[in-house]
Amino acid sequence: MAEVKVKVQPPDADPVEIENRIIELCHQFPHGITDQVIQNEMPHIEAQQRAVAINRLLSMGQLDLLRSNTGLLYRIKDSQNAGKMKGSDNQEKLVYQIIEDAGNKGIWSRDIRYKSNLPLTEINKILKNLESKKLIKAVKSVAASKKKVYMLYNLQPDRSVTGGAWYSDQDFESEFVEVLNQQCFKFLQSKAEAARESKQNPMIQRNSSFASSHEVWKYICELGISKVELSMEDIETILNTLIYDGKVEMTIIAAKEGTVGSVDGHMKLYRAVNPIIPPTGLVRAPCGLCPVFDDCHEGGEISPSNCIYMTEWLEF
């Protein structure tokens, strides 16, 4: 008598167990998991059962649906954001997630369209809806005055977007930069004069003529000439322009951890110097002194073609 083989069907898995296992996988892979990962981890689960579990988790707001180069990604949703996006459809959640991933540098609507594969009209509708809910905001970028980037409502825009302390309403504050330049140099000059008047040996005079960027920053803050809060990085940008102009030199020394003004065990020191010979015209090109050199490009708010300093230098 021939042997009859009977195919044993696996018992139906509990839907709750499937959902819990998917949540566990998302915690193991915070950046997101694909359907293939779920399939590999739960090979006995039918595709329809996986789809039901995923859709239920999406509808309950426990997962985020993302798009990547490899396809769809499922990622665990932050509990705070889950409450904010309650009642939103999957398309709106997708756009919100793309904007959230962009951080405080923001993202153009064109890039949102590329990442979401949604029509532009639909994206504009979603963006207006999210703005009305105060979940996102539009910020004008100094890199392109006619374009806006979108970011989460509670984020402070990155310096690359706003231009930092050197911009006010997208206008470059050239006079403010010049005043800071003069005051920083004045402080270092007074430091050098005090060192010379000490009548000590040359090495001690030289060492005492240096000032840290923190000392210069503190001096500028005490002057009260800035309406915006300046960071040490801002002051170091100004000091760098003085270095390029041949008025200041910088040295880096080792410093104990926790020393005021030190970063990663190092401290930058600056001192005023008298140039031995006048710098050549090419060295004094405004590009070498410009604190927004990285933001300068054709077609932007700052460009060589409309730079008044470049025009004045060429006429000179």
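The values are calculated or read from the model by the stated rules, or taken from the named source; none is laboratory data. Please read these numbers as outputs of a predicted model, since none were measured by experiment. Positions of Cβ are generated from backbone atoms using ideal geometry, with glycine treated the same way; all protein chains shown enter the neighbour counts. For the accessible areas, the whole protein counts, side chains as well, though only heavy atoms, and no ligand, DNA or RNA atoms are used. Shrake-Rupley method; radii C 1.70, N 1.55, O 1.52, S 1.80 Å.
Just a few scattered comments:
- E131-M203 FRET efficiency (beta carbon distance; Förster radius 41 Å; 0.05 resolution): 0.10
- Size of charge dipole - the range 86-163 - debye, nearest 20, with Cβ of Lys, Arg +1 and Asp, Glu -1, no other charges: 300
- Ordered by solvent-accessible area of protein heavy atoms (1.4 Å probe), largest first, the residues D234, D264 come out as D264, D234.
- Virtual spin-label span in nm between Q189 and Q156, 7 Å along Cα→Cβ: 3.3
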